[in-house]
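Undergrad: Here it is: the structure, laid out below.
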């Protein structure tokens, strides 16, 4: 049952924005095969978030399919099963005080997570694109993107994520090895900006590594 | 003449869904130059499937162009010549009890089929994307994608496909060497999810192989 | 002044089809920066062809901008300057009895034209995609794509093209070195199918060459 | 307050054209994460330019969001903060007498700016695509694209840009190291044509370098 504090208007608008963002990211090939998930906070106390359902094509998702869930991933409003990774979104929202969390699966983020998995992360610096990350004022910024081992145990994965986010408070995103990228923002617009920037940089790093290893 | 058991409504809806799916896959470059084909079961007993016609631009196909064919590839309803590969679709529908079969030609699936042709297939494991394949619960899954030699003899190719599907009942897709990818699902939605996942993974493998051979 | 034999309806429809095709090819990145050109025969005797104008963004071109030109590239109907390469289109239409001619500039066709320029062409064989080329019945077909040196002298270039087309009557397309790809068909639909197939194959060849040289 | 010399109609039309161009470039992945900026001259004396605002998603920007600014980057009409790089646009407009200036961030232009940064630029020659650059009549043209070190000091960067533009009057674009590409034109249409051509050529160079270093 929907909390009396959440207006239908705001949930509906957030749901529409989430669906539109999903379609945009799917169009780029970052949410193929129903992969990826998106969330946006509808209410902070108690926490209620708009969440994409599990197993739905992100290229065709409609606002009516977006679910309203609580911080235990229970469905408060809507029909369907929330994303398997809902608890990871909740973890990030709580710890980073985020307004939205996005998770993409792209070929480049997958490949790069593989290359740097043993190092537990990778550093990206010197790119102007970094300035689009919240709080970053200059391209001479060193962004560390942690890489976490993947797991099917969501509570375990959530705990690992939480530890890494505590260890790396300045991080704007993190990679799950051979799984995908998580980023967040104070609102959905900022989260989308962050995901686009990090995906761009991971592709640039992947291709540059490629060229550099071959003598360039 | 249309079978009395097939309602116009359901065939029309299936045809519309097939046409929309074709456009989506063509937009990704997976059905260029009228390549590829799509089918969806309209009726099981006797078998009647909605099939894309031969030689039609998959980026512009309309629901009116979709044909209704039987299990001998004879046209039951509609105008046009069904895809040359209709019998392969029928083979897969019967053997896998599939509700839909999709066949794409992408640059990466073509290249990867070439690299691993001598080995008769390739194994993909450790990727979270694998979880989107029916029955797969964990990224620690080893998916074997068989690669079959191409042939212009559809009955021979169908027989080879059948043998491989029998030998590899857990497979979710298979490659025809320098030809393309086949996947299927219990319905068109699942088949589309499978094709997107397998195309994604084949690209990731193709690019990773690239980087790994060069010392990464 | 428009020839009395050409109906407004057919020219208008052809122009609309040409504009739509231009947008489709531009969307793929094959006609960026006003590059590329498209033509379709409106009347055979005397020859009148619908031609894209010079310097127009192919992503925004409208049917009203399409010109009607004769075989000397003189504008018979419409406002604007026809493509600089109109005489090449006329050459191909006459020699191949084509109904439409398409010319694309893609990164991959440019790169591949460079790699094989010294050999005067490249052979592509074994790909199922080849079957989409008119007259080709099997993937065990060897398609030779001639590569011609570029030139700014259209009459010289047209003469060279003509000689190559005479020497290679089975060719479905040809490359101009560091310039682009030409293909044609009995109508615009076939020409579009050919261009899509050849662009696909050139990318597959370019990427495969890449991988093969590195030990795959 | 809007200058009395600028008609609402022309500013509104220019703003609409700028927004449409932004969406087109964003769709290609050249303005992800709110990166990039676009400007078009609305009035020459005194200078007033239409400018994209800072921090806005270029895939969703509307004409109402476009600002009218003067040559000190002060907002004359509209709500919002103009792009941080407005002064660079002003510099280019004044020095090149440009009617529009575009700035893109693409993976390939970023990578190539890195490869050739030590050389202060790169030469691109022999490509037919070069003919789309204003004043270039033949593919046997050698285009030098300067690469400037990035800086957060806009006035310093503007001064460096100005010096380079003076030193290289024939340049059609320039790269900021690990930042992006700037190009311009007599109007927005020409600027878009230039950006598309230069992005195409930088990708071709990036990929060719790749292949050439590996023995092709």
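The values are calculated or read from the model by the stated rules, or taken from the named source; none is laboratory data. Since we're looking at a predicted model, the values are computed, not measured. So basically every Cβ, Gly included, is an ideal-geometry build from the backbone, and we count neighbours across all protein chains shown.
Undergrad: Among the residues of the range D:158-175, is any at pLDDT 95 or above and within 14 Å of chain C (Cβ to nearest Cβ)?
TA: yes
Undergrad: Filter the range D:34-51 down to the residues that are crowded, with 20+ Cβ neighbours inside 10 Å and either more than 14 Å from chain A (Cβ to nearest Cβ) or more than 20 Å from residue D:183 (Cα to Cα) (or both) and list them by number.
TA: D:38, D:39, D:40, D:41, D:42, D:48, D:49, D:50, D:51
Undergrad: Just to be sure I understand, how many residues within the range D:139-154 are modelled with pLDDT under 95 and either within 16 Å of residue D:208 (Cα to Cα) or out of contact with any helix residue (DSSP H, G or I) (no Cβ under 7 Å at 6 or more places or on another chain) (or both)?
TA: 3
Undergrad: Of the residues that make up the range D:65-78, is at least one in a helix (DSSP H, G or I) and either in contact (Cβ under 8 Å) with a residue 40 or more places away in the chain or over 12 Å from the mean Cα position of the chain (by Cα) (or both)?
TA: yes
Undergrad: How many residues does the range A:107-133 hold that are under 15 Å from the mean Cα position of the chain (by Cα) and not in a helix (DSSP H, G or I)?
TA: Residues meeting the conditions: 1.
Undergrad: In the range C:85-102, what residues are part of a loop (DSSP other than H, G, I, E, B) and touching a strand residue (DSSP E or B) at 6+ places or on another chain (Cβ under 8 Å)? Walk me through how you get there before you give the answer.
TA: Taking the range C:85-102 first, the residues part of a loop (DSSP other than H, G, I, E, B) are C:85, C:97-99.
Within the range C:85-102, C:85, C:98, C:99 qualify.
Undergrad: Can you tell me how many residues within the range C:86-112 are over 30 Å from residue D:22 (Cα atoms) and within 14 Å of chain D (Cβ to nearest Cβ)?
TA: Summing the residues that are over 30 Å from residue D:22 (Cα atoms) and within 14 Å of chain D (Cβ to nearest Cβ) in the range C:86-112 gives 2.
Undergrad: Here is a follow-up. Considering only residues that are in contact (Cβ under 8 Å) with a residue 60 or more places away in the chain, surrounded by 12 or more Cβ atoms within 10 Å (Cβ to Cβ) and more than 11 Å from residue A:92 (Cα to Cα), look in the range A:150-175 and name the one that is nearest to the chain's Cα centre (by Cα).
TA: Taking the candidates together, the pick is A:175.
Undergrad: For the range C:179-195, give me each residue that is assigned to a helix (DSSP H, G or I), more than 9 Å from every other protein chain (Cβ to nearest Cβ) and more than 10 Å from residue C:40 (Cβ to Cβ).
TA: Hit for the range C:179-195 is C:190, nothing else.
Undergrad: Provide a single number: the residues in the range D:126-140 that are facing chain C (nearest Cβ under 9 Å) and either without any contact (Cβ under 8 Å) to a residue 40 or more places away in the chain or under 16 Å from residue D:182 (Cβ atoms) (or both).
TA: 8
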